[in-house]
Structure formats: C-alpha cells, structure tokens
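In what follows, a structure is listed as structure tokens, so that the remarks can point back to it.
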Amino acid sequence: MLFCFSANAQIPDSTKTKQEEDNVKYPQLQIKGLFQARYLVGMNKDVDVNGLHHADGLRTNNNFMVKYMRVQVRAQISKRTEVVALANLADFKNDPKSRVLENAYLKYTFNPKLAFTVGQFRPWFGIEETYPIDIIKSLDWSNQYTEFGKLGWTSFQIGLSATGQLELGKIPFQYAVSVVNGNGKNQVNDNDDGKQYSTRLVFGLAKKYNLNLGLNGGIGEVFGKKIYAVGVDFNSLMNFGSKWSLDMQLEGKQATNHPLYFAVAPELRPDNPDEYLIRGVYFLPNLRYEVNHKNLSAFELSCRYEYLDTNFRVNSNPRQTITPMFGLEFLKNYGARIQLGVQFDRYKHSIANTTQYNNNLFIVQVQSRF
C-alpha cells in the first residue's frame, strides 16, 4: 500500500482500451492510511521497554504506545506521472523536525522497463524495502534494516532512482539503481558533497515456489572517505493446497559503519573506515492458514532469528534476537489484525546502563489499514 517501487504498479492494465484511457480525467486522488498501536511489557527487572538497562532499578517496564498513524495521498496527475506524500502523524510525539514526513516523491513511468522516482523515498536495497510496515510478517523491521537506514542505504532517503522489470531469457528480472544523499529523511541539505550509489537486482529463479534471488551493492563517499555495502537475499512463497502457505525470507548484509568511524576522535581513528564494519543476517519463516470465516480471515505464525554485529572487527559484541509472533487477521489484506509475541535479545557481553543488555519483551500489537 505504501511502497513506492511496486513492480505490479508499473504494468499497465491491458484490459483498458485506448478510448477508455483517453477518457480518464486527471488528477486522480487516492487517500490511504494505517493505524498501529502496541502494548509492551519488559520481562527483565532492570531493563525498560526500550531495552535500556538501569543499574538503579528505576525503569518503565510496561507501556501503551501509538507506533504509526500514517496518511498517504497519491495523485495520478497523468497517465505516466504520479506524486505521493506519506506522513506518520504519530511522530509528532517526538521532535518532528526530521520526522513525520516519510514519502514525498514524483514518479514518471515510461513503460514497465523504466521508471524514474525523484524526491524522498525508500531506495531498493533488500527484501524489506519491497513492502510496507503494515504487511510485515514479524513485530517490526529487522535490526539489520534499522541499522542500514542509519548508514543511508535503506529506509527513507532523498535522491533519484531508476527502476524497471524485464526478462532475461525466461527469467523474470527486476532492477533498481539509486543515488541518494545518504543522511536520512527531511534534511535541509546533504551534510557533505558525497553521495551513495546503490543497485539491486532481483532474479525469479523458480516460479512454482515463487523463489527470488536478490543481489545488492553500493559504494559512496562520506566526508572524503570511501564506503561500501553489499547484500544477498532469498525469498519464497510456497502454497500447500488452498489454505496453507509458507513464506520464507533470508537476508544478509555487510557495510562500512561510517557513523561509528566518524564518532571516534580524529587522532585515534584509523585512516581506513573499513576497519569499522557492520554485518548482519536474519531468517524469517511465516506460516499462514486461511480461515475465511465471516469474523476471521486468517492466522499466521512466524519466528524471526537475527544476528547483528555493528562493529565486528574492532569491538565485537554481536546481538542475537529471536521474535516468535502469532497473528490473527480479521479483514483481508491485513485490513485489521492482532499480533502477540515475545522478543528475546541476547548480547555476547551485556553492558550496564546501555541498550546492549540481555532482555525479553512481551508485545501485543493491533493495526488497521484504511
């Protein structure tokens, strides 16, 4: 619903005649939204609901919160041109200066093989960029996705992208080539003259199992230093009869952790920023059963495993996260659902009074798309 690079959206409706297309009046407006709220309970006596350890024992161990209150406006201003704006009103509870506005872009589609997007959007650099938060199969984005957003490769960035789909022989193929500032959303200016260039290639390997292979690569420059990022991912969707299905995602990435590198005092940091590297992998299976009852559409069971080390060469302290989730879907296409789960975080070394501390978190989450 909220994803700006939907490959299906790039394919024109072949059932429309030319006369019907000529009779379409522009602009056409579409408004959509998402409400998502959750209740959190920390299960460790010295760790709060945000994962921060408190040696003095003073912490908040349960919390109601509104995670998203998104509103999207999409204006189709011509046959080939659309403008999209997406805002998360729940971010007003924080400092809204660099938040709230998420998507703000113009997209021009020449044909299914080539489309340009300019503005603030989510550049393709992995599986998670290909769908919005409201159809995610787990509690939230992976830890890997969040960290790579801080590095400028994922999440909302400002720049230009070319996307398209075609066929290599009999193999379906999608691509995205992006250039972005790399310093996040809602920034007045880039913080230096460097840019980040990334490419994603997706190959459809087995139609029967909806098996896709994604290859990601990027290079860039930050304050005169060269940086890079690479990644590989697989995803598949297997159907067992008309009711059961299994969706699986596997993704791994590695990149220069340049924010950590530049946080070190100039006289202490090495000349090569690649001494500071981040590496992560996650695996997410999701089992779904279509109930198709008048009050219950489906239920899902998932369990994501994550491994992430934000500085594995210099000061390694890997984080492992296991998140089993159970979800009930009351309206089709995640129109309304409830999820229950537990997030187990384990670090190689627990560090007092930091978020790098072992903890368990119980979650109840509700959402509605409209």
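The values are calculated or read from the model by the stated rules, or taken from the named source; none is laboratory data. None of the values given here were measured: they were computed from a predicted structure. Glycine also receives a Cβ, built like all others from the backbone with ideal geometry; neighbour counts cover every protein chain displayed. The area values use the complete protein model at the heavy-atom level, side chains included, leaving out ligands, DNA and RNA. Shrake-Rupley method; radii C 1.70, N 1.55, O 1.52, S 1.80 Å.
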Worksheet item: Does region 253-272 contain at least one residue that is under 14 Å from VAL314 (Cα atoms), of a type in the set (D, E, K, R) and either surrounded by 14 or more Cβ atoms within 10 Å (Cβ to Cβ) or modelled with pLDDT of 95 or more (or both)?
Response: yes
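Listed here are the residues, each with its yes/no results for (1) of a type outside the set (Gly, Ala, Ser); (2) part of a helix (DSSP H, G or I); (3) out of contact with any helix residue (DSSP H, G or I) (no Cβ under 9 Å at 6 or more places or on another chain).
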{"site": "GLU102", "(1), (2), (3)": "yes, no, no"}
{"site": "TYR108", "(1), (2), (3)": "yes, no, yes"}
{"site": "GLY119", "(1), (2), (3)": "no, no, yes"}
{"site": "TRP124", "(1), (2), (3)": "yes, no, no"}
Worksheet item: Which one is least open to solvent (accessible area, probe 1.4 Å), of the residues in region 340-356 that are modelled with pLDDT under 95 and hydrophobic (A, V, I, L, M, F, W, C)?
Response: ALA352
Worksheet item: Looking at region 318-339, which of its residues are open to solvent by 20 Å² or more (accessible area, probe 1.4 Å), modelled with pLDDT of 90 or more and either over 22 Å from SER368 (Cβ atoms) or in a helix (DSSP H, G or I) (or both)?
Response: ARG319, GLN320, ILE322, PRO324
Fill in: Condition broken by ALA90, with the remaining ones in (1) assigned to a helix (DSSP H, G or I); (2) within 28 Å of ASN212 (Cα to Cα) satisfied
(2)
Worksheet, complete the sentence: Those residues of region 196-227 that are open to solvent by 40 Å² or more (accessible area, probe 1.4 Å), of a type outside the set (Ser, Thr, Tyr) and either touching a residue at least 40 places away in the same chain (Cβ under 8 Å) or in contact with a strand residue (DSSP E or B) (Cβ under 6 Å, 6 or more places away or on another chain) (or both) come to a total of 10
Discussion item. If I ask for residues that are over 18 Å from GLY119 (Cα atoms) and either at pLDDT 95 or above or surrounded by 15 or more Cβ atoms within 10 Å (Cβ to Cβ) (or both), which ones from region 72-97 would you list?
Written reply: LEU89, ALA90, ASP91
Discussion item. Against the condition without any contact (Cβ under 8 Å) to a residue 40 or more places away in the chain and either of a type outside the set (Lys, Arg) or more than 19 Å from GLU147 (Cα to Cα) (or both), how does ALA352 come out, does it pass?
Written reply: no
Worksheet entry | Filter result (in contact with a Lys or Arg (Cβ under 9 Å, 6 or more places away or on another chain) and closer than 26 Å to ASN360 by Cα) within region 51-82 | LEU52, HIS53, GLY57, ARG59, ASN61, ASN63, PHE64, MET65, VAL66, LYS67
Practice prompt. Take region 159-182 and flag every residue that is among the aliphatic types (A, V, I, L, M) and buried (at least 20 other Cβ atoms within 10 Å of the Cβ).
Written response: ALA176, VAL180
Practice prompt. Output the residues belonging to region 153-200 that are more than 17 Å from the chain's Cα centre (by Cα), in a loop (DSSP other than H, G, I, E, B) and closer than 20 Å to LYS225 by Cα.
Written response: ASN181, ASN189, ASP190, ASN191, ASP192, ASP193, GLY194, LYS195
Worksheet entry | Subset of region 284-317 [open to solvent by 40 Å² or more (accessible area, probe 1.4 Å), in a strand (DSSP E or B), among the aliphatic types (A, V, I, L, M) and more than 17 Å from ILE363 (Cβ to Cβ)] | LEU287
Discussion item. Pairs please, first residue from region 282-301 and closer than 9 Å to LYS243 by Cβ, second anywhere and part of a loop (DSSP other than H, G, I, E, B) and open to solvent by 60 Å² or more (accessible area, probe 1.4 Å), Cβ atoms under 7 Å, 6+ apart in sequence or on different chains.
Written reply: TYR289/LYS243; GLU290/LYS243
Item to complete: Quickly run through region 81-130 and pick out the residues that are on the phi < 0 side of the Ramachandran plot and among the small types (Gly, Ala, Ser).
Response: ALA85, ALA87, ALA90, SER98, ALA104, ALA115
